[in-house]
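Note sheet for the following structure.
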């Protein structure tokens with residue numbers, strides 16, 4: 001994927017395993033914005049997330065896109081993972097995409113970085129995988145962005161059961 005420089009020279013690029021620390025921090029920011037307490041900097045989930053990003057990006061089992069500012073470094077992200085489910089008419093091979101980790105540092109909001117990262121991520125999912133369906137959970141603030149990118153409610157209500 002070519003580097004996409006924006007008007008402020010922020011470029012959209014594929015994330016690498018070296019971006020794991022920034023991806024963890026952006027995930028913590030996203031979780032806080034969605035009402036979950038990410039805990040302190042040494043919370044156990046952060047080390048696990050760092051390892052997950054580094055491993056999965058190296059293996060190619062996760063796809064991530066970041067916006068890199070020339071001074072501030074990585075300031076926005078969109079992360080995608082791919083999982084195989086039981087095949088169905090809408091997904092003949094069962095591969096589904098999950099979009100997560102869409103976040104932008106507050107000082108860089110309002111510049112279209114979340115949109116650019118998500119568009120690039122969806123393009124990569126479409127070009128590099130056989131995913132037919134991508135899903136995500138949207139905050140109220142981001143719902144309109146995702147709708148404008150083609151996301152809509154699933155046909156059936158999504159429910160969760162917390163097992164631990």
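Within the stretch 135-161, the residues that satisfy the criterion of being over 19 Å from residue 27 (Cα atoms), modelled with pLDDT of 90 or more and not in a helix (DSSP H, G or I) are 149, 150, 151, 152, 153, 161.
Name the single residue, out of those in the stretch 17-42 being surrounded by 14 or more Cβ atoms within 10 Å (Cβ to Cβ) and not in a helix (DSSP H, G or I), that is modelled with the highest pLDDT. Applying the filter and picking the extreme gives 38. Restricting attention to the stretch 56-68, the residues that are without any contact (Cβ under 8 Å) to a residue 24 or more places away in the chain and in a helix (DSSP H, G or I) add up to 1. In the stretch 101-116, the residues that are on the phi > 0 side of the Ramachandran plot and modelled with pLDDT under 95 never reach a residue that is surrounded by fewer than 16 Cβ atoms within 10 Å (Cβ to Cβ) and assigned to a helix (DSSP H, G or I) with C-beta atoms less than 7 angstrom apart, at least six apart or across chains.
Does residue 127 fit the bill of being out of contact with any strand residue (DSSP E or B) (no Cβ under 8 Å at 6 or more places or on another chain), surrounded by fewer than 16 Cβ atoms within 10 Å (Cβ to Cβ) and in a loop (DSSP other than H, G, I, E, B)? For residue 127, the condition - out of contact with any strand residue (DSSP E or B) (no Cβ under 8 Å at 6 or more places or on another chain), surrounded by fewer than 16 Cβ atoms within 10 Å (Cβ to Cβ) and in a loop (DSSP other than H, G, I, E, B) - is not met. Evaluating residue 52 against the criteria (1) touching a helix residue (DSSP H, G or I) at 6+ places or on another chain (Cβ under 9 Å); (2) in contact (Cβ under 8 Å) with a residue 12 or more places away in the chain; (3) within 17 Å of residue 30 (Cβ to Cβ) leaves one unmet condition, (2). Report yes if residue 35 is within 27 Å of residue 140 (Cα to Cα) and more than 16 Å from the chain's Cα centre (by Cα), otherwise no. When the stated conditions are applied, residue 35 passes them. With respect to the conditions (1) under 23 Å from residue 143 (Cβ atoms); (2) surrounded by 14 or more Cβ atoms within 10 Å (Cβ to Cβ); (3) out of contact with any helix residue (DSSP H, G or I) (no Cβ under 6 Å at 6 or more places or on another chain); (4) modelled with pLDDT of 95 or more, residue 45 falls short on a single one, namely (1).
Pairs linking a residue in the stretch 128-144 that is under 15 Å from residue 35 (Cβ atoms) to a residue that is surrounded by fewer than 17 Cβ atoms within 10 Å (Cβ to Cβ), with Cβ atoms under 6 Å and 6 or more positions apart or on different chains, are 139/34.
The values are calculated or read from the model by the stated rules, or taken from the named source; none is laboratory data. Computed from a predicted model, the values in this text were never measured in an experiment. FYI the Cβ positions are ideal-geometry reconstructions off the backbone, even for glycines, and counts take in every protein chain you see.
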